[in-house]
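The values are calculated or read from the model by the stated rules, or taken from the named source; none is laboratory data. This one's a predicted model, so the numbers in the text were calculated from it and none came from an experiment. As a convention, Cβ positions derive from the backbone with ideal geometry for all residues, glycine included, and neighbour counts pool all protein chains shown.
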Amino acid sequence: MELAALHHGQTEKHSVESKVPCRRRSPRGSLSPEQKWEIWLEVTSGELTQADAARKWGVDVATVIKLRKDAKNACLTRPGFRVRSKRGC
């Protein structure tokens, strides 16, 4: 199986995916801020791929992608920045 996977252009890293323990899918909104931080660290450091992290934490890959996008946006926005209204109030 590993040879077939390598033959079709997949890297050896993908063959490790089956060794990541699976968790059941979490109900919507059940990840704590600490869990989100752990996911972000694991994916950003290259310890796990997005797909592996999704399997490990029992969430959809889109959740991992959104988490990374939200973290990036939070880092790029200025803390305490408020948009002023056009009313002049």
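If I go through segment 29-56 residue by residue, how many of them are in a helix (DSSP H, G or I) and of a type in the set (Gly, Ala, Ser)?
Residues that pass the stated criteria total 3.
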Boolean, SER32 is surrounded by 10 or more Cβ atoms within 10 Å (Cβ to Cβ) and at pLDDT below 95: no
Within segment 43-79, tally of residues that are touching a residue at least 24 places away in the same chain (Cβ under 8 Å) and of a type in the set (Gly, Ala, Ser): 3
Pick from segment 43-79, criterion exposed (fewer than 14 other Cβ atoms within 10 Å of the Cβ) and of a type in the set (Ser, Thr, Tyr), ranking: farthest from SER32 (Cα to Cα): THR77
